[in-house]
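Engineer: Could you have a look at this structure, given as structure tokens, before my questions?
The values are calculated or read from the model by the stated rules, or taken from the named source; none is laboratory data. Just so we're clear, the structure is a prediction, and the values are computed from it rather than from any experiment. Reconstructed Cβ throughout: ideal geometry from the backbone, glycine too, with neighbour counts over all protein chains shown.
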Amino acid sequence: MVKISAYEDPKKSPYTLEYYDSSWEEEYMKELEADDSIAKWTKNHGLRIKYFNSDNKFKTYIPDFLVEKMDGSIELVEMKGTHLLKNPDTKKKIEFAKKWCNARNITYRIISKYQ
């Protein structure tokens, strides 16, 4: 079971609370807050990317973070354990997310580490 916790009073988010699923996400939130190149960020972005999974079933993918940099560029960031990157459904999510982002001039970024 995933334990959900809250990062309180972020300065670069429009919300007073940002929920995270892991200490790894919390660490990233702190990095975003401290990074002078970041204008704003949120996990509560409301973006949904439709895709077909490896069984050709219609699914919805919710990326982890929406980040805007000071230069105006936008990134969609997904935190993903290295062990999941070869998963067929993860590959499909990434494929569709990249297409979705490219159509909108948004950078899609995966942050991965062994968990």
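Engineer: Consider Asn53 against the criteria (1) modelled with pLDDT under 95; (2) touching a Pro at 6+ places or on another chain (Cβ under 8 Å); (3) surrounded by fewer than 16 Cβ atoms within 10 Å (Cβ to Cβ): it satisfies all of them except one. Which criterion is unmet?
Structural biologist: That leaves (3) as the condition not met.
Engineer: Need pairs with beta-carbon distance below 7 Å; first residue within 25 Å of Gly81 (Cα to Cα) and within region 3-25, second of a type in the set (Asp, Glu) and surrounded by fewer than 12 Cβ atoms within 10 Å (Cβ to Cβ); sequence gap 6+ or separate chains.
Structural biologist: Leu17/Glu8
Engineer: Still on this structure, please answer the following. Kindly indicate the residue of region 65-107 that is surrounded by fewer than 17 Cβ atoms within 10 Å (Cβ to Cβ) and hydroxyl-bearing (Ser, Thr, Tyr) and also nearest to Ile49 (Cα to Cα) among those meeting that condition.
Structural biologist: Restricting to residues being surrounded by fewer than 17 Cβ atoms within 10 Å (Cβ to Cβ) and hydroxyl-bearing (Ser, Thr, Tyr), the top hit is Thr107.
The rows are residues; the columns are (1) hydrophobic (A, V, I, L, M, F, W, C); (2) over 22 Å from Glu27 (Cβ atoms); (3) touching a helix residue (DSSP H, G or I) at 6+ places or on another chain (Cβ under 7 Å).
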| site | (1), (2), (3) |
| --- | --- |
| Ile62 | yes, no, no |
| Met79 | yes, no, yes |
| Leu84 | yes, no, yes |
| Lys93 | no, yes, no |
| Tyr108 | no, no, yes |
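Engineer: Which one of the conditions (1) farther than 17 Å from Ser112 by Cβ; (2) in contact with a strand residue (DSSP E or B) (Cβ under 6 Å, 6 or more places away or on another chain); (3) not in a loop (DSSP other than H, G, I, E, B) does Lys30 fail to meet, given that it meets all the rest?
Structural biologist: (2)
Engineer: I need the full set of residues from region 45-60 which are more than 10 Å from the chain's Cα centre (by Cα) and of a type outside the set (A, V, I, L, M, F, W, C), in order please.
Structural biologist: Gly46, Arg48, Lys50, Tyr51, Asn53, Ser54, Asp55, Asn56, Lys57, Lys59, Thr60
Engineer: I'm checking my understanding of the structure. Among residues of region 61-92 that are out of contact with any Phe, Trp or Tyr (no Cβ under 8 Å at 6 or more places or on another chain) and part of a strand (DSSP E or B), which one is nearest to Ser22 (Cα to Cα)?
Structural biologist: Step by step, filter region 61-92, then rank; the result is Lys80.
Engineer: Another question, if that's okay. Assess whether Leu66 counts as being closer than 30 Å to Lys11 by Cβ, hydrophobic (A, V, I, L, M, F, W, C) and in contact with a Ser or Thr (Cβ under 6 Å, 6 or more places away or on another chain).
Structural biologist: The answer is yes for Leu66.
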